[in-house]
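Q: Please see the structure below; I have some questions.
The values are calculated or read from the model by the stated rules, or taken from the named source; none is laboratory data. Computed from a prediction, not measured in an experiment: that's the story for all the values here. Reconstructed Cβ throughout: ideal geometry from the backbone, glycine too, with neighbour counts over all protein chains shown.
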Amino acid sequence: MITTRECLRLGALVTAGALLACANDSTAPVTPPPVITDRAFTSLEIRAPMSPMAPIATLNSGRLEVRAKDQHGVPMIVGMGSFTISSDKPSVVTVGDEQFSTSVSNGIPDDSWYSAYVAAIAPGEAVISVSWTIGGVRKTAKSTIRVESTEGWSLKVDPAALTVQLGSTGWLQALVVDATGKTRIQGAGVFTSDRDDVVALYEEEWCSDWPCDGINVLGVTLGEATITAKFEGFSAKVSVTVVP
């Protein structure tokens, strides 16, 4: 084996391979990185939808995910096993549509989890309980989901009044706001006009489904029209004026 002194004597004539040999020449023992060989299914991790939820479209549902973890707190790649999920108050939050998934990176599984659909029904709190049995080992976990009331919520149109020039286009957007005025849903509503001869309403080309982010308002003839926005039982009106 080439020694450190010999490497130094070679000086500039050494090759990259010899330099590597120099670097590896040491009397100190090399400690390999630790290898975890005693992994055991120890606990469950629940990733619940953002709380609070609300019994209104876009805020009333999501998917809850559950992962198996070892004693080091590291998620494990596991098989389906036996999985159950339930809500202690189905009148507040319901669960269902359980699915097992495994993601693969470069042909190697790198994550596995169960997911379930979670839907808010009414204001209150519900405790979601999950149980997963893997290799004869059963673990349970719980997560509390809060559903807030929509009392005092309303739909408003922005801007509150619109003026467009004949042949030009303006933009309206409907917002769901809570009792404090905070915007909870942006771009919600179906728009109609009481004067199709004054203004024409049309969506952006990329918007094919309601609720959409907003509506274009084209001034067709001089005059005034009232635009009505409706969403989930809420409604709001705005006046549009077409000027020369």
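Q: Among the residues in region 105-116, are any loosely packed, with under 14 Cβ neighbours inside 10 Å and closer than 30 Å to Gly233 by Cα?
A: Checking region 105-116: not a single residue is loosely packed, with under 14 Cβ neighbours inside 10 Å and closer than 30 Å to Gly233 by Cα.
Q: Against the condition over 30 Å from Gly152 (Cβ atoms) and at pLDDT below 95, how does Met50 come out, does it pass?
A: Details: over 30 Å from Gly152 (Cβ atoms): no; at pLDDT below 95: yes.
Answer is no for this residue.
Q: Next question, about the same structure. Taking region 123-177 on its own, how many of its residues are surrounded by 15 or more Cβ atoms within 10 Å (Cβ to Cβ) and of a type in the set (Lys, Arg)?
A: Number satisfying all stated conditions: 3.
Q: Right, another one. Does Thr226 meet the test of being modelled with pLDDT of 95 or more and either outside any loop (DSSP other than H, G, I, E, B) or loosely packed, with under 14 Cβ neighbours inside 10 Å (or both)? Break it down stepwise before answering.
A: Details: modelled with pLDDT of 95 or more: yes; either outside any loop (DSSP other than H, G, I, E, B) or loosely packed, with under 14 Cβ neighbours inside 10 Å (or both): yes.
Answer is yes for this residue.
Q: Please work out if Leu166 is of a type in the set (A, V, I, L, M) and modelled with pLDDT of 95 or more.
A: On the way: of a type in the set (A, V, I, L, M): yes; modelled with pLDDT of 95 or more: yes.
It is true that Leu166 is of a type in the set (A, V, I, L, M) and modelled with pLDDT of 95 or more.
Q: Does Val93 satisfy the condition of being more than 28 Å from Ile77 (Cα to Cα), modelled with pLDDT of 95 or more and under 21 Å from the mean Cα position of the chain (by Cα)? Write out each step before concluding.
A: Numbers: more than 28 Å from Ile77 (Cα to Cα): yes; modelled with pLDDT of 95 or more: yes; under 21 Å from the mean Cα position of the chain (by Cα): yes.
It is true that Val93 is more than 28 Å from Ile77 (Cα to Cα), modelled with pLDDT of 95 or more and under 21 Å from the mean Cα position of the chain (by Cα).
Q: Something else: Which one of Asp213, Asp197 is under 24 Å from the mean Cα position of the chain (by Cα), outside any strand (DSSP E or B) and either touching a residue at least 12 places away in the same chain (Cβ under 8 Å) or surrounded by 14 or more Cβ atoms within 10 Å (Cβ to Cβ) (or both)?
A: Values: Asp197 fails: under 24 Å from the mean Cα position of the chain (by Cα).
Just one listed residue meets the conditions, Asp213.
Q: Quick one: how many residues across region 138-187 are among the charged types (D, E, K, R), in contact with an Asp or Glu (Cβ under 6 Å, 6 or more places away or on another chain) and part of a loop (DSSP other than H, G, I, E, B)?
A: The number of residues fulfilling the criteria is 0.
Q: Out of the residues in region 48-99 meeting the condition of being outside any loop (DSSP other than H, G, I, E, B) and acidic (Asp, Glu), tell me which one is nearest to Glu232 (Cα to Cα).
A: If we filter region 48-99 for residues that are outside any loop (DSSP other than H, G, I, E, B), which is where we start, we get 53, 61-69, 75, 82-87, 93-99.
With the extra rule that they be acidic (Asp, Glu), the set shrinks to 65, 97-98.
Working: Glu65: 28, Asp97: 25, Glu98: 28 Å.
Only one residue fits best here, namely Asp97.
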